[in-house]
Amino acid sequence: RINKARIITSLALSLRKKERIKVRQPLQKIMIPVHSPQEKEALTEIMPLLCSEINVKEVVLIDDASSILVKEIKPNFKTLGPRFGKDLKAVVEAIKQLNNEQIKKLEAGSAISLCINEKNIILESDDVQIGSKDIEGWQVANSNGITVALDITLTDTLIQEGLARELINKVQNLRKDSGLEVTDKITVAMTTTTLVKQAVETNRDYIMSEILATVIEYKESLDEGHSIALNEEQIQITINTN
């Protein structure tokens, strides 16, 4: 289970990196196709861990991925070329015509038998490269027989929560740099932008709880303070102990 969690997390984080979406930015969901009841049970047990590590709201396990994830199979010419020589073109054409069941067998590491130019040949899993096509609003990755589809659509609510988490992170760093004790309560004054203000107001209780703030107030300007960037938003902020 832990090994599966590592693979899934690694795949999801690689998709975040590809899309330049920070780990602190929450995403709505990740879909993972499962191949057996046992695999579904194992992944169900680690759902909370996956949600935490990937920072998604929900993990959706799907029994039949065929309607959601379209498999893409390509010939691996490095292995096919030396083995099939003049039959290579016919083998490549046969690979393009493989059905879902044959692709599933190869993806699971099994070999399949094909009739090419009146010859029976064995096609190994290493003879092909199997992936999944991206679907609109999602990014797909696979490794070691595991496929994940990450919902990369950012709603206003998710963006606001992401900004709130960025603000919490920056204030926590300011607390640390100021030498405050972990239990010290603070007041916060900040300039703001429309987007940042929406994020703070929507997540005010959460933010205040995390940074131990008794007050968060907005200012038109601040003579002193720290300039911080919250994603693309630039603000000034000061923190003081109560």
Can you tell me which residue within the stretch 14-60, out of those that are of a type in the set (D, E, K, R) and in a strand (DSSP E or B), is farthest from Asn142 (Cα to Cα)? Lys57
Return the pair list, or none, for Cβ contacts closer than 7 Å from residues in the stretch 224-241 that are closer than 12 Å to Leu167 by Cα to residues that are among the hydroxyl-bearing types (Ser, Thr, Tyr) and assigned to a strand (DSSP E or B), at least 6 apart or on different chains. Gln234/Ser227; Gln236/Ser227
Residue check for Lys57: charged (D, E, K, R) and more than 25 Å from Thr157 (Cα to Cα): no
Can you find even one residue in the stretch 55-72 that is more than 24 Å from Ile30 (Cβ to Cβ) and either out of contact with any helix residue (DSSP H, G or I) (no Cβ under 6 Å at 6 or more places or on another chain) or among the polar types (S, T, N, Q) (or both)? no
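Per-residue answers, yes or no, for (1) open to solvent by 40 Å² or more (accessible area, probe 1.4 Å); (2) of a type in the set (S, T, N, Q); (3) on the phi > 0 side of the Ramachandran plot:
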{"site": "Ile21", "(1), (2), (3)": "no, no, no"}
{"site": "Met31", "(1), (2), (3)": "no, no, no"}
{"site": "Lys57", "(1), (2), (3)": "yes, no, no"}
{"site": "Leu61", "(1), (2), (3)": "no, no, no"}
{"site": "Val70", "(1), (2), (3)": "yes, no, no"}
{"site": "Arg83", "(1), (2), (3)": "yes, no, no"}
{"site": "Lys89", "(1), (2), (3)": "yes, no, no"}
{"site": "Lys96", "(1), (2), (3)": "yes, no, no"}
{"site": "Asn99", "(1), (2), (3)": "yes, yes, no"}
Selection count, the stretch 108-134, where residues are in contact (Cβ under 8 Å) with a residue 40 or more places away in the chain and either of a type in the set (Gly, Ala, Ser) or open to solvent by 50 Å² or more (accessible area, probe 1.4 Å) (or both): 7
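The values are calculated or read from the model by the stated rules, or taken from the named source; none is laboratory data. Note that the structure is predicted; figures quoted are calculated from it, not measured. All Cβ positions, even for glycine, are placed from backbone atoms using ideal geometry, and neighbour counts span all protein chains on display. For the accessible areas, the whole protein counts, side chains as well, though only heavy atoms, and no ligand, DNA or RNA atoms are used. Shrake-Rupley method; radii C 1.70, N 1.55, O 1.52, S 1.80 Å.
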